[in-house]
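The values are calculated or read from the model by the stated rules, or taken from the named source; none is laboratory data. Here the structure is a predicted model, which is why all the values come from computation and not from measurement. Positions of Cβ are generated from backbone atoms using ideal geometry, with glycine treated the same way; all protein chains shown enter the neighbour counts.
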Amino acid sequence: MADVVPTEEFIALAGGRVHLLRAGTGEPVLFLHAAGGAAEWLPFHGLLASSGFEVIAPDHPGFGKSDEFPEAEAVDDLVFHYLDVLDALGIDRPHVVGASFGGWIAAELAVYAPHRIGSLTLLSAAGLRLPEHPVTDRFLLPPAKVVTTLFHTPPPASPTATPGAPPDLDAVIAAYREATALARFCWVPFMSDPKLERRLGRITAPTLVVAPSDDRLIPVEHARRYAARIPEASYAEVADCGHAMYVEKPVEFASVVTGFLGARPLSGAGR
Amino acid sequence: MKFSFFHLMPYPYLPDDFDTAYESTSLTYPNANFDPALGASLYARYLDELEYADQLGFDGIAVNEHHQSAYGLMPSPNLMAAALTRRTSRARIMVLGNAIGIRGNPLRVAEEIAMLDLMSGGRVDSGFVRGIGWEYFGHSINPTKSRSRFNEAHDLILKAWTSPELFAWYGENYEYRYVNIWPRPVQMPHPPIFIPGAGSTETMKFCAERRYTYMSVYAPTRIVRRWFDGYRQAAADLGYVADPEKIAFSVPIYVADTDEQAHAEGRPAVEWLYHKGLRQTAAMVTPPGYNVAGVAARRPCRGNARVRPELVRGPARPGAGGRRVTGLRGQAAGRALR
């Protein structure tokens with residue numbers, strides 16, 4: 001079921017091409033990826049696509065196989081970018097699921113254009129400025145600490161990995177390109193839009209906020225604040241899981257998300 | 001050939017467990033380790049050294065800008081240059097340079113350099129640098145805007161120095177409705193400009209087009225030679241021969257009566273500089289967007305400062321006046337040519 005094979009598409013916008021992966025049939029789900037995970041189709045996506053949804057997973061500007069869109073330099077530009085993407089896809093009002101950085105974009109999208117959002121699911125979303133619960137500076141994270149920061153239970157090292165092997169140059173370049181794109185949108189204010197929290201009351205879509213129980217990148221207080229500020233939002237935690245979320249616990253995350261989406265068909269009259 | 005004395009003003013009093021307890025002298029190295037009494041003595045000593053270099057006959061005395069670091073105690077090079085204007089009389093006062101990539105207000109740089117130019121009787125050289133990686137973390141400046149901010153600040157400062165009339169400025173990074181600086185600099189059309197390069201052909205071209213002095217950052221001589229060749233070629237492409245005086249070679253130099261003595265005396269200082277003073281993590285060196293992706297990957301940084309074998313073991317070469325000039329010493333660097 002989860003081994004659904006996605007189709008790969010490019011859509012042309014005025015500022016460049018957007019790469020996306022798509023699979024499944026049913027109500028459309030726009031999935032907005034985290035800082036990592038562009039152009040990756042994971043078991044989690046397959047589980048959504050095999051549960052009665054059409055999953056559409058584009059790469060953000062400057063990520064994966066999408067173009068740079070250099071004029072996009074802040075998160076509000078990404079809001080208009082994704083409104084353009086929805087228009088180009090001919091999708092009026094999808095379910096929107098966003099993770100981490102993508103969750104921030106999803107929340108902004110729901111604030112700016114509530115009428116375009118069928119339902120909103122935020123998976124440990126960035127975007128709020130909570131100085132008392134600072135987001136870990138991933139830009140300073142040494143490579144050796146990335147996995148232990150992202151996972152509650154770090155996976156065993158890949159048996160095919162050779163310790164001390166020189167890094168794959170293409171992978172290094174791709175990672176620096178994506179870090180550069182991320183920095184463009186979130187260096188300052190760091191990983192947040194200070195105005196977002198007070199605007200969350202504008203959201204009209206049924207909303208689910210999900211946090212992994214042991215998030216060492218974005219403290220769980222961020223998810224709780226989202227849940228408190230978005231009208232009538234539901235809140236769930238996935239136990240024994242780090243910020244890697246659906247990479248660490250794909251079945252649990254897919255179950256929480258599909259349970260929420262299935263109970264809120266797009267034909268319904270909002271919440 | 002001219003020689004300048006370049007001071008980095010380090011804070012050398014690192015704890016014994018520095019190598020194991022800290023990842024860098026910069027950005028995150030706790031300032032609880034800074035002793036203000038020692039710091040005050042250092043400033044007095046370092047300014048004395050710069051003034052002494054003026055008395056000894058160095059052509060220039062140079063200062064630079066770094067932030068939140070024990071590697072260099074000059075968050076404001078212009079303050080140091082101001083102190084030097086009143087206590088020196090002949091050397092060029094070289095600010096190498098103001099980190100206009102991270103300044104919030106480049107107009108202030110134009111004003112301060114103009115002040116220094118007047119206060120020094122037209123002895124100021126004005127360097128412009130982008131600021132290095134960790135400073136984009138330290139001052140919360142978006143590194144993806146580094147080049148854009150540098151270029152715009154440069155253009156604005158030059159226009160502020162040279163425009164005969166009030167103007168408005170609307171740029172990608174800065175907006176000023178009234179630019180009309182008082183005072184204006186005394187050197188015409190403006191103080192000489194120095195730009196450091198580390199191999200970027202874009203920088204070579206930038207300098208050659210404007211006839212600015214192209215200044216190497218410290219690197220092995222065979223590599224620096226390639227950069228200088230690139231600058232000369234950029235000038236040739238524009239139809240002129242690069243002036244040797246507009247090529248500045250930064251190199252640690254230690255002078256002693258014999259090679260052995262020079263190595264023995266200089267070695268601890270150069271090892272401090274490259275193993276401790278410049279110790280930093282890869283993430284601090286290359287924040288995202290500071291370089292273009294391909295360049296960052298082709299020059300993978302190991303983080304900690306590299307060993308400089310050519311400095312601590314390299315053969316001594318005959319120097320001026322029959323003495324030996326050999327690798328070394330953080331505080332002494334030559335501005336040379338050819």
Item to complete: Within segment A:232-248, identify whether any single residue is farther than 24 Å from A:Pro28 by Cβ, out of contact with any Cys (no Cβ under 8 Å at 6 or more places or on another chain) and among the acidic types (Asp, Glu), and answer yes or no.
Response: yes
Filtering segment A:221-258 down to residues that are under 19 Å from A:Ala106 (Cα atoms), assigned to a helix (DSSP H, G or I), out of contact with any helix residue (DSSP H, G or I) (no Cβ under 6 Å at 6 or more places or on another chain) and small (Gly, Ala, Ser) yields A:Ala223, A:Ala227, A:Ala228
Within segment A:173-199, of all residues that are touching a strand residue (DSSP E or B) at 6+ places or on another chain (Cβ under 9 Å) and surrounded by fewer than 23 Cβ atoms within 10 Å (Cβ to Cβ), the one farthest from the other protein chains (Cβ to nearest Cβ) is A:Glu197
Sole miss for A:Thr136 among (1) in contact (Cβ under 8 Å) with a residue 40 or more places away in the chain; (2) away from chain B (no Cβ under 14 Å); (3) surrounded by fewer than 21 Cβ atoms within 10 Å (Cβ to Cβ); (4) hydroxyl-bearing (Ser, Thr, Tyr) is condition (2)
It is to be established whether one or more residues within segment B:188-200 are touching a residue at least 40 places away in the same chain (Cβ under 8 Å), crowded, with 19+ Cβ neighbours inside 10 Å and aromatic (Phe, Trp, Tyr). yes
Exercise. Within segment A:70-83, is there a residue that is in contact with a strand residue (DSSP E or B) (Cβ under 9 Å, 6 or more places away or on another chain), without any contact (Cβ under 8 Å) to a residue 60 or more places away in the chain, more than 20 Å from A:Leu217 (Cα to Cα) and part of a loop (DSSP other than H, G, I, E, B)?
Worked result: yes
A careful count of residues in segment B:28-69 that are of a type in the set (Gly, Ala, Ser), out of contact with any Phe, Trp or Tyr (no Cβ under 6 Å at 6 or more places or on another chain) and in a helix (DSSP H, G or I) gives 6
Review point. Of the residues that make up segment A:112-126, is at least one basic (Lys, Arg), in contact with a His (Cβ under 9 Å, 6 or more places away or on another chain) and farther than 22 Å from B:Thr144 by Cβ?
Key: no
- Answer yes if at least one residue in segment B:251-262 is of a type in the set (S, T, N, Q) and outside any helix (DSSP H, G or I), and no otherwise. yes
If we keep only residues of segment B:102-115 that are buried (at least 22 other Cβ atoms within 10 Å of the Cβ) and free of Cβ contacts under 8 Å to residues at least 60 places away in the same chain, then the residue farthest from the other protein chains (Cβ to nearest Cβ) is B:Val109
Checked against (1) under 19 Å from A:Arg264 (Cα atoms); (2) over 12 Å from the mean Cα position of the chain (by Cα), A:Leu89 satisfies every condition except (1)
Pairing a residue in segment B:226-242 that is under 13 Å from B:Thr213 (Cα atoms) and modelled with pLDDT of 95 or more with any residue that is β-branched (Val, Ile, Thr) and not in a helix (DSSP H, G or I), where Cβ atoms lie under 9 Å and the two sit 6 or more apart in sequence or on different chains, gives B:Phe228/B:Ile247; B:Tyr231/B:Ile247; B:Arg232/B:Val241; B:Arg232/B:Ile247; B:Ala235/B:Val241
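Can you tell me which residue within segment A:139-165, out of those that are among the hydrophobic types (A, V, I, L, M, F, W, C) and away from chain B (no Cβ under 14 Å), is nearest to A:His222 (Cα to Cα)?
The selected residue is A:Leu150.
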From the option list A:Asp77, A:Asp170, A:Asp84, single residue qualifying as out of contact with any Lys or Arg (no Cβ under 6 Å at 6 or more places or on another chain), surrounded by fewer than 22 Cβ atoms within 10 Å (Cβ to Cβ), closer than 16 Å to A:Leu32 by Cβ and within 14 Å of chain B (Cβ to nearest Cβ) is A:Asp77
Determine if segment A:51-62 includes at least one residue that is touching a residue at least 12 places away in the same chain (Cβ under 8 Å), touching a Leu at 6+ places or on another chain (Cβ under 6 Å) and among the charged types (D, E, K, R).
no
By residue number, the members of segment B:218-244 that are closer than 28 Å to B:Leu273 by Cα and charged (D, E, K, R) are B:Arg222, B:Arg225, B:Arg226, B:Asp229
Of (1) assigned to a helix (DSSP H, G or I); (2) under 18 Å from A:Val29 (Cα atoms); (3) of a type outside the set (A, V, I, L, M); (4) free of Cβ contacts under 8 Å to residues at least 40 places away in the same chain, A:Trp104 fails just (4)
